[in-house]
Amino acid sequence: MIINKEINGNSAVIKPEGWLDASSAPEFSAALEGLESSITELTVDMEKLEYISSAGLRLIVAAHKQMNGALTIKNVSSEILSVFRMTGFDKRLNIV
């Protein structure tokens, strides 16, 4: 997995590429933990994310809680969006 981060003031964009599963979850978790405490808005751009497992979903929910709801998910493929819908996370997360 490749994870690109962009920080602009108090907002950050994380762009994971490939698969977000149990084997890549520690890397994604480290990227989230590496954000400065001054970050108040987080966007996860899933344009190049091909797959998400339950381990990845847990990290997205944890990021949502960490950001006190100031998390936006964008460029979600139809396959990954169907996973969010099956779990009901599409109702809890800001997906644009």
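FYI, it's all coordinate maths here, none of it is from the lab. Here the structure is a predicted model, which means the values were calculated and not measured. Please note: Cβ atoms are built from the backbone with ideal geometry, for glycine as well, and neighbour counts cover all protein chains shown.
Brief remarks on what is shown
- Residues in region 55-96 that are surrounded by fewer than 12 Cβ atoms within 10 Å (Cβ to Cβ) and either part of a helix (DSSP H, G or I) or touching a Pro at 6+ places or on another chain (Cβ under 7 Å) (or both): K65, S78, E79, M86, K91.
- Of all residue pairs spaced 6 or more apart or on separate chains, those with beta-carbon atoms under 7 Å, a first member in region 67-96 that is closer than 18 Å to P16 by Cβ and a second member that is surrounded by fewer than 12 Cβ atoms within 10 Å (Cβ to Cβ) are T72/V96; K74/V96; N75/E47.
- Residue match in region 30-40 (condition: out of contact with any strand residue (DSSP E or B) (no Cβ under 9 Å at 6 or more places or on another chain) and either of a type in the set (A, V, I, L, M) or in a strand (DSSP E or B) (or both)): no
- Within region 41-54, the set of residues being among the acidic types (D, E), in a strand (DSSP E or B) and touching a Lys or Arg at 6+ places or on another chain (Cβ under 9 Å) comprises D45 only.
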